[in-house]
Amino acid sequence: MSPAVIAIVAILGAVLIGAVIYAVTRRGQELPPGAEPRMLEPEAPERPEPVTPVEGPTPAKPKAVPAPVAKPAESPAQREQRERYLKGLAQTRGGFVARLSRLFRGRPQVSEDLKDEVETVLFTADIGVRTAQKMIELVSDVLDKSTVADPDAVWSVIRKASLEILDVPAPPLDYDPTPGPYVLLMIGVNGVGKTTTLGKLAAMHKAAGRKVLLVAGDTFRAAACEQLEVWAQRVGAGIHLGKENADPSSVIHDGIARGRDEGYDIVLCDTAGRLHTKKELMAELGKIRRACAKAMGRGLADAEAEAIAGPHDTFLVLDATIGQNALAQAELFKETMDFTGLVLTKLDGTAKGGVILGVCDSLRVPVRFVGIGERVDDLREFDPEMFVDALFAPQEGAA
Ligand SMILES: Nc1nc2c(ncn2[C@@H]2O[C@H](COP(=O)(O)OP(=O)(O)OP(=O)(O)O)[C@@H](O)[C@H]2O)c(=O)[nH]1
Ligand SMILES: [Mg+2]
C-alpha cells in the first residue's frame, strides 16, 4: 500500500473511533423516558480560610474566655428583705457606722489622734467592750500599715470581723421533729416583744401551711391572754388559755399535750416578762422547762422520754433599743436558763442595733429572728450576711 492510502485509512479509523466515543457518552447523559430533569444541588460554598493577622509575631491562640458567672438574680422576696433590713438599720447606720465613716473621709493621715478617735467611737458604739476591743485591734493593724488611712481596708476588716461574730454555727431549725409537734418557748424581760414575736411567728408558720397552737403561758395578766387571743384570731391559729392566775407550768404542759393530741405541727408558748434579777421568777422558768419536757415525753418509752430535756427551742427575746443593757440581760439569763436562740426586736427604732454584735460575741448563741417593726410581717429570719451588708452600707458623703 502506498503511503497515501495508509494515511486515508488512518484518518477514517480515527473519525470512526471518535464517532463511537461521542455516541456512548451522549447515551449515558440521556434521561430515561418520562423522567423529570433534576436540579443540580448547588455546591457548598468554599469555606473561607481563617484570616490570620498579617503583622506581628506568630498569631497567639485565642484565649478561652470563661463565660461570666452570672450572679443569681435576686428574687423579689430577697430584694424586699434587703430593703427592709436597710430601712430597719438606718438609725444604727446613722450612729457609730456614720461616725466611723466621717473619721476616714478624705483618707486622713494616720495619727495617734485618729486612732484615739476610732477607739472612742467603737467603745461607745453599744457593741460591747469585748467586741469593741477586738475591732479596735483590727483597725489599728490596718492603720499601722500605712501613713494614710484607707477607708476601704478599714471597712473590709470591720465587715469581716462582724460577719465572723454574727455567723454563729447553728443547725437549721427543725419544724418537723419526731415526735412532734415542734415546741418553742419564748422568754425575756417585760415588754421586749415576746408576745408580738410569737404572733408574727404564728403567721409565718401558717403561711407555710403548718397548723399552729399558741399557748398563753403568761397567766399574770388577763390582758396578756387577750393580746395572744387577738393574734390567734388574726393569723388563724389555735389558742390554749389557762385559768387566770393558774400556774404557768401547768398551762404550758396542758397546751403542749393538747397540741400533740389534736395534731398541731407547731406549739408556741408565751411566758410572762420577768426580770433576770428576780430569783424566784427565774426559777419558775426552770419549772416551765421541765413541764414542757414532761408533756413532750408523754406516752413515749422511758428512755425516749428521758432524752427530752425541754422544748425544741427556747428563744430569749432582747430589745435592741436598750443597747448594752440587752447584753447584760442576756448574760444573766444565760446563767439560769439555757436558750437555743435569740430574737432581737425593735431594730427599726434604734441607733443601738450594733448590740447584736456584742451579744453574739459574748454568748455564741445564734440570732434566729430580728424584729424590724410592729407589723405582722416585720419579723425576719436572721441572715448574718444581709445584716452586715445593711449595717455597713455605704454612707452618704463618706470617703
Ligand atoms: N417598733 C417595733 N416595735 C415592736 C417590735 N416588736 C414588738 N414591738 C412592740 O413592743 C411592745 C411590747 O411588745 P409585747 O409583745 O407586748 O412585749 P412582751 O415581751 O410580750 O411584753 P410583756 O408580756 O409585758 O412582758 C408592743 O407595743 C409591740 O408592738 C419591733 O420589732 N419593732
Ligand atoms: Mg407578752
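The values are calculated or read from the model by the stated rules, or taken from the named source; none is laboratory data. Since the structure is predicted, the reported quantities are computational estimates derived from the model, not experimental observations. Methodologically, a virtual Cβ is constructed for each residue, glycine included, from the backbone with ideal geometry; neighbour enumeration extends over all protein chains shown. To get the accessible areas, we keep the full protein, side chains included, count just its heavy atoms, and leave off ligands, DNA and RNA. Shrake-Rupley method; radii C 1.70, N 1.55, O 1.52, S 1.80 Å.
Failed condition for Ala326, given (1) more than 22 Å from Ala237 (Cβ to Cβ); (2) at pLDDT 95 or above; (3) open to solvent by less than 40 Å² (accessible area, probe 1.4 Å), with all others met?
Going through the list (1) more than 22 Å from Ala237 (Cβ to Cβ); (2) at pLDDT 95 or above; (3) open to solvent by less than 40 Å² (accessible area, probe 1.4 Å), Ala326 breaks only (2).
Could you list, in sequence order, all residues of region 182-217 that are of a type in the set (D, E, K, R) and either farther than 24 Å from Ile308 by Cβ or buried (at least 24 other Cβ atoms within 10 Å of the Cβ) (or both)? Step through it out loud before you land on a result.
Here is the first cut: in region 182-217, the ones of a type in the set (D, E, K, R) are 194, 200, 206, 210-211.
Residues satisfying the conditions are Lys194, Lys200, Lys206.
Please verify whether Gly358 is within 16 Å of ligand 1 (Cβ to nearest atom) and within 22 Å of Gln91 (Cβ to Cβ), treating the condition exactly as stated.
no
Out of all the residues in region 115-160, which are closer than 18 Å to Leu391 by Cα, exposed (fewer than 15 other Cβ atoms within 10 Å of the Cβ) and in contact with an Asp or Glu (Cβ under 7 Å, 6 or more places away or on another chain)?
If the condition is that a residue be closer than 18 Å to Leu391 by Cα, exposed (fewer than 15 other Cβ atoms within 10 Å of the Cβ) and in contact with an Asp or Glu (Cβ under 7 Å, 6 or more places away or on another chain), then no residue fits.
Can you give me the number of residues within region 170-189 that are in contact (Cβ under 8 Å) with a residue 24 or more places away in the chain and either within 21 Å of Ala330 (Cβ to Cβ) or of a type in the set (D, E, K, R) (or both)?
Restricting attention to region 170-189, the residues satisfying the condition of being in contact (Cβ under 8 Å) with a residue 24 or more places away in the chain are 170, 173-177, 179-189.
Now restrict to residues that are either within 21 Å of Ala330 (Cβ to Cβ) or of a type in the set (D, E, K, R) (or both): 170, 173-174, 176, 184-189.
Residues that pass the stated criteria total 10.
Kindly establish whether Arg221 is within 16 Å of ligand 1 (Cβ to nearest atom) and open to solvent by 10 Å² or more (accessible area, probe 1.4 Å).
Numbers: within 16 Å of ligand 1 (Cβ to nearest atom): yes; open to solvent by 10 Å² or more (accessible area, probe 1.4 Å): yes.
It is true that Arg221 is within 16 Å of ligand 1 (Cβ to nearest atom) and open to solvent by 10 Å² or more (accessible area, probe 1.4 Å).
Quick one: count up the residues across region 215-236 that are basic (Lys, Arg) and more than 10 Å from ligand 2 (Cβ to nearest atom).
Of the residues in region 215-236, the ones basic (Lys, Arg) are 221, 234.
Narrowing further to those that are more than 10 Å from ligand 2 (Cβ to nearest atom): 234.
Residues meeting the conditions: 1.
Residues that are in contact (Cβ under 8 Å) with a residue 12 or more places away in the chain and among the basic types (Lys, Arg): find the helices (runs of 4 or more DSSP H) completely inside region 259-362 holding 1 or more of those.
Working: elements: 279-297, 302-306, 324-336.
Where helices (runs of 4 or more DSSP H) fall fully within region 259-362 and carry at least 1 residues being in contact (Cβ under 8 Å) with a residue 12 or more places away in the chain and among the basic types (Lys, Arg), they are 279-297, 324-336.
Name every residue in region 224-238 that is within 9 Å of ligand 1 (Cβ to nearest atom) and open to solvent by 40 Å² or more (accessible area, probe 1.4 Å), in order of residue number.
Across region 224-238, the qualifying residue is only Gln227.
So which residues in region 247-293 are open to solvent by less than 70 Å² (accessible area, probe 1.4 Å), within 16 Å of ligand 2 (Cβ to nearest atom) and of a type in the set (A, V, I, L, M), if there are any at all?
Correct list: Val251, Ile252, Leu268, Ala272, Leu281, Leu285, Ile288.
Can you work out which of the residues in region 161-181 that are open to solvent by 10 Å² or more (accessible area, probe 1.4 Å) and of a type in the set (Val, Ile, Thr) is farthest from ligand 2 (Cβ to nearest atom)?
Thr178
Return the pairs, sorted by first residue and then second, in which the second residue is within 11 Å of ligand 1 (Cβ to nearest atom) and not in a loop (DSSP other than H, G, I, E, B), the first residue lies in region 213-239 and is modelled with pLDDT of 95 or more and of a type in the set (S, T, N, Q), the beta carbons are less than 7 Å apart, and the residues are 6+ apart or on different chains.
Gln227/Thr195
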